[in-house]
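Below is one structure; the comments refer to it alone.
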Amino acid sequence: MLINKTIKQINLLKQPIQILQILKYSNLNINQFKRTFCIINNDNDNDNNLKSHSPLFNQTSSERQQKIKELLDSIIRVNQAGEFGAKRIYQGQLDALKGTEVEPIIQHMAEQEEIHLETFNKLIVDYRVRPTALYPIWNIAAYALGYFTGKLGKEAAMACTVAVETVIGEHYNSQLRQLNELGVDEAQLRQFLCQFRDDELEHLNTSLEHNAEQVENRLLINF
């Protein structure tokens, strides 16, 4: 199972081509692409509609509270692991691309990921959530992914960022949607999810601006 999870992370490299093709052939600019992630609506009618259609909303109070606890635990655990992985990927890329023109760009993204990770490290304690057991594997696999793509060149490194940040952005939106469906308040957590999602999409945008699409022609990356 651990090997399968590692392979799944490496397969993220296949995703930038799909995303870039969507942008290329649908004439969708990056701002429009960003809006596809923004599913949160503050309209009360829409919120009530989401709740009324959720099977969890009609459960008993104790059942609903248990579902909320499970959801919050999952959100915090998954995001802490994801941000740790993103940090390790950028560390690998920085080691591989030291002294290049993209080093300051990657350094900036890495510093933002560090802030995200520190936030979820605190939430892990505050919410008493058990961290993922996959840290040893993820520590090595994420760094290797970053270093390997960095050694392939800056375009490959940026394509890796497109793939990873796309997945993370989708995760954040899915989590926000689930919080809405359950009618969970947790205003501070929502704020973190929205802010960090926007940071991840900024990284995606930056990577596209630095020729990530050129990886389409690299057979080594499309394995």
Sites matching GluC sites (Glu not before Pro) across region 73-114 that sit in DSSP coil, with at most 11 neighbouring C-beta atoms within 10 Å | GLU101
Just check region 108-152 against the gyration tensor rule for me: Cα atoms, a ≥ b ≥ c as the square roots of the eigenvalues, rounded for a/c under 1.5, and otherwise prolate or oblate depending on whether a/b exceeds b/c.
-> oblate
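If I stretch the segment between GLU111 and SER61 completely, what's the gain in nm (0.36 nm per residue apart, minus their alpha carbon distance), one decimal?
Net length gain for the segment: 13.9 nm.
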Unit-weight point scatterers at every alpha-carbon of region 56-192, Debye formula, q = 0.09, 0.12, 0.19 1/Å: log10 I(q)/I(0) is -0.32, -0.54, -1.06
In whole angstrom, the spacing between the Cα centers of region 96-161 and region 62-85 equals 21
Label-point separation (nm) for ASP73 and ASP95, each offset 7 Å from Cα along Cα-to-Cβ?
-> 3.4
How many nm is it between the label spots at ARG128 and ALA144, if each spot is 7 Å from the Cα in line with the beta carbon?
-> 3.7
With all protein chains present, region 63-162 has a carbon and sulfur share of its accessible area (1.4 Å probe) in percent of 57
Rolling a 1.4 angstrom probe over the protein heavy atoms, how many square angstrom per residue are accessible across region 66-200?
-> 42
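The values are calculated or read from the model by the stated rules, or taken from the named source; none is laboratory data. Nothing here was measured: the structure is a model prediction, and the numbers come from that model. Because the Cβ atoms are built from the backbone with ideal geometry, glycine has one as well, and the counts that use them run over all protein chains shown. We work out accessible area using only protein heavy atoms, side chains counted, and drop any ligands, DNA or RNA first. Shrake-Rupley method; radii C 1.70, N 1.55, O 1.52, S 1.80 Å.
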